[in-house]
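Q: Quick one: the structure is below, and I'll ask about it shortly.
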Amino acid sequence: MEKIEDLGIKGYKIIQDKDGFCFGSDAVLLAKFAKVKKGSRGLDLCTGTGIIPVLTYALFEPASIDAVEIIPHVAEMAARTMELNGLGEIIRVKNADLNDAPKIYGSRVFDFVTCNPPYMNSGGGIVNPKDDLAVSRHEILCTLDGVVTAAARCLKPTGRMFMVHRADRLCDVISTLRRHRLEPKRLAVVYPNAAGTANLILVEALMNGRPQLKLEKPVFMYDENGKYLQNIVEN
C-alpha cells in the first residue's frame, strides 16, 4: 500500500510503499554529506524511491539529476514522486540497469554521482531475487564493483562520488574506489549514539584525485535521551 510522506523541507513529499521500499536515515545522511555545487549535473544510482535526488536538490539545487532504478514498479513510483513535486524535468528517473548508465548517458558527463547501494555482499545466505526488499539490501542485481565502475565511467575527470555503506565494509569500499581511480577525500563514520559501535560510513571520492583523506567528526544518530539528531532540515 502506498503512502505520501512530507519530507519537511521546501514542501517536498515522497511516495513510498509501506510494505516495500521506504527510505531510511542513511539516505538523509548521504544527502547532507554530499554538498554538491549549485548548478552542477548529477547521477543517482540505485535510486529506489528517489529520496536522495529529492533531498539533494532541496539542499543544494544542482541543475539536474538523472536517477537509475532497476526494478520497474519502484522506478515508476519514483517518477511519480518527481511529478508530484514539480521536479519531473529536473530529476529524471529511468528504469534501467546501472551497468548500462555509461551507454545511456555517455562517459565523462556528470559532475557528481550519489549512491546508496545494497550493503550485503554475496555469500550471505539464500536470498530470493524476486523479493524487492532483498534486492535493495543484497548484491543480487548489482555489486559494489559494478556501482563504482558505472560511477567512474560516467564522472567527469574531476567529478566526485558520494556513497553511504556499512562500516564493516570500509576496506572493500576504499579498495574498490581506488581500483577505479576514485580517490577517497572525505570519510565520516556514523554511530547510533555516543556509546554505540559504528554501523555506517559516508565517503566522498574524487576522480583522479591525489591521496589525502580528511576524517570528519563522527556522526551520531541519537543523543543520550534517544532523540533523533539527523533531521534533513538541520543541514
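Q: What about R178, is it surrounded by 12 or more Cβ atoms within 10 Å (Cβ to Cβ), assigned to a strand (DSSP E or B), at pLDDT 95 or above and not hydrophobic (A, V, I, L, M, F, W, C)?
A: no
Q: Condition first: assigned to a loop (DSSP other than H, G, I, E, B) and either among the hydroxyl-bearing types (S, T, Y) or free of Cβ contacts under 8 Å to residues at least 24 places away in the same chain (or both). Now tell me which residues in the stretch 42-56 satisfy that.
A: Residues satisfying the conditions are T47, T49.
Q: Of the residues in the stretch 74-97, how many are assigned to a helix (DSSP H, G or I) and surrounded by 23 or more Cβ atoms within 10 Å (Cβ to Cβ)?
A: 3
Q: What's the number of the condition D100 fails, among (1) within 22 Å of T149 (Cβ to Cβ); (2) in a strand (DSSP E or B); (3) acidic (D, E); (4) free of Cβ contacts under 8 Å to residues at least 24 places away in the same chain?
A: Going through the list (1) within 22 Å of T149 (Cβ to Cβ); (2) in a strand (DSSP E or B); (3) acidic (D, E); (4) free of Cβ contacts under 8 Å to residues at least 24 places away in the same chain, D100 breaks only (2).
Q: In the stretch 68-86, which residues are of a type in the set (D, E, K, R) and over 16 Å from C142 (Cβ atoms)?
A: Those that are of a type in the set (D, E, K, R) and over 16 Å from C142 (Cβ atoms): E76, R80, E83.
Q: Condition first: surrounded by 17 or more Cβ atoms within 10 Å (Cβ to Cβ) and part of a strand (DSSP E or B). Now tell me which residues in the stretch 137-165 satisfy that.
A: Matches in the stretch 137-165: H138, L155, G159, R160, M161, F162, M163, V164, H165.
Q: Could you count how many residues in the stretch 189-199 are part of a loop (DSSP other than H, G, I, E, B) and in contact (Cβ under 8 Å) with a residue 60 or more places away in the chain?
A: 0
Q: Here's something else I'd like to know. Any chance the stretch 216-233 includes a residue that's in contact with a strand residue (DSSP E or B) (Cβ under 9 Å, 6 or more places away or on another chain), outside any strand (DSSP E or B), of a type in the set (A, V, I, L, M) and under 21 Å from L55 (Cβ atoms)?
A: For the stretch 216-233, residues in contact with a strand residue (DSSP E or B) (Cβ under 9 Å, 6 or more places away or on another chain), outside any strand (DSSP E or B), of a type in the set (A, V, I, L, M) and under 21 Å from L55 (Cβ atoms): present.
Q: Now for a different question. Scan the stretch 64-73 and give yes if some residue there is more than 26 Å from K10 (Cβ to Cβ), among the aliphatic types (A, V, I, L, M), touching a Phe, Trp or Tyr at 6+ places or on another chain (Cβ under 9 Å) and part of a loop (DSSP other than H, G, I, E, B), otherwise no.
A: yes
Q: I'd like to know if the stretch 117-127 contains one or more residues that are outside any loop (DSSP other than H, G, I, E, B), within 19 Å of the chain's Cα centre (by Cα), within 24 Å of L7 (Cα to Cα) and modelled with pLDDT of 90 or more.
A: No - not one qualifying residue is present in the stretch 117-127.
Q: If I ask for residues that are of a type outside the set (A, V, I, L, M, F, W, C), farther than 24 Å from V148 by Cβ and either within 17 Å of the chain's Cα centre (by Cα) or modelled with pLDDT of 95 or more (or both), which ones from the stretch 73-97 would you list?
A: Passing the criteria: E76, R80, T81, E83, N85, G86, G88, E89.
Q: How do the pairs read when you match residues in the stretch 200-219 that are closer than 18 Å to F110 by Cα and surrounded by fewer than 19 Cβ atoms within 10 Å (Cβ to Cβ) with residues anywhere that are β-branched (V, I, T) and at pLDDT 95 or above, using Cβ under 9 Å and keeping only pairs 6 or more apart or on different chains?
A: If the second residue must be β-branched (V, I, T) and at pLDDT 95 or above, the pairs left are N208/T158; G209/T158.
The values are calculated or read from the model by the stated rules, or taken from the named source; none is laboratory data. No experiment lies behind these values; they were computed from the predicted model shown. Neighbour counts run over all protein chains shown; Cβ positions are idealised from the backbone, glycine included.
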